[in-house]
Amino acid sequence: QARLLPHVSGIKKHRDLVEDNFIEYLKIKITKTKRGWYIIDIPALLPRKEKGSASYIRASVFTALERHFKYNLDPKLKGSTVLCFNHIYSKERSWRHMRDHDNIEVNVVVDAVALFLLEDDGPAYCDHYYEGSIGDEDRTIITLLPKEDFVLYLQER
């Protein structure tokens with residue numbers, strides 16, 4: 001939480017410096033595919049529920065989305081949307097250090113994503129899908145797509 005002190009100080013210069021650090025060091029990437037799906041690539045695992053503060057990831061994702069949409073005036077996704085969370089674990093991790101999906105704090109990104117990309121994040125508009133995989137490093141990839149494209153998403157996986 002100490003990392004966020006300049007961000008919440010109320011001094012714009014301090015907030016801008018912290019946001020620049022978020023962008024430079026976390027390297028969250030937001031892309032839109034040809035199909036109109038959004039991919040948010042976070043080079044970190046989302047925090048565990050009730051373990052420390054999730055505000056650092058929340059502020060980082062919010063800042064990345066805010067900066068992306070400052071220059072890309074894409075409309076919000078209409079209708080039912082599926083948020084697909086792929087929790088990628090480093091191959092160096094022991095299987096014991098992989099998290100149960102119900103213990104991962106996904107709300108930190110859902111709220112930010114909903115603000116910029118969704119009509120609403122309630123169950124009438126938004127479904128969640130969770131998967132885990134092994135990769136070279138820890139990361140979280142969130143894909144947002146229309147509900148009618150979900151089977152296509154699964155087939156491509």
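For residue 78, put the label point 7 Å out on the Cα→Cβ axis and report which residues of segment 119-157 keep their amide N under 15 Å from it. From segment 119-157, the list is 119-120, 146-148. A simple charge model with +1 on the Cβ of Lys and Arg, -1 on the Cβ of Asp and Glu and nothing else charged puts the dipole of segment 27-135 at about 500 debye relative to its Cα centre.
Within the shell of other residues whose beta carbon sits under 12 angstrom from the beta carbon of residue 130, the net charge comes to -3, with Lys and Arg scored +1 and Asp and Glu -1. Once backbone amide H atoms are built at 1.01 Å from N, residue 138 has 90 as its partners under 5 Å, excluding neighbours fewer than 5 places away on the same chain. If you take every residue apart from residue 76 with its C-beta less than 13 Å away from the C-beta of residue 76, what net charge results, scoring Lys and Arg +1 and Asp and Glu -1? Summing Lys and Arg as +1 and Asp and Glu as -1 gives -2. Counting Lys +1, Arg +1, Asp -1, Glu -1, what net charge surrounds residue 34 among other residues with beta carbon under 15 Å of its beta carbon? That works out to -1. Per residue, segment 43-157 exposes an accessible area of 56 Å² to a 1.4 Å probe, with every protein chain left in place. With R₀ fixed at 41 Å, the C-beta to C-beta distance from residue 147 to residue 92 puts the FRET efficiency at about 0.70.
The values are calculated or read from the model by the stated rules, or taken from the named source; none is laboratory data. Please read these numbers as outputs of a predicted model, since none were measured by experiment. With ideal geometry, Cβ positions are generated from the backbone for all residues, glycine too; neighbour counts draw on all protein chains shown. What goes into the accessible areas is simple: the full protein's heavy atoms, side chains included, and nothing from ligands, DNA or RNA. Shrake-Rupley method; radii C 1.70, N 1.55, O 1.52, S 1.80 Å.
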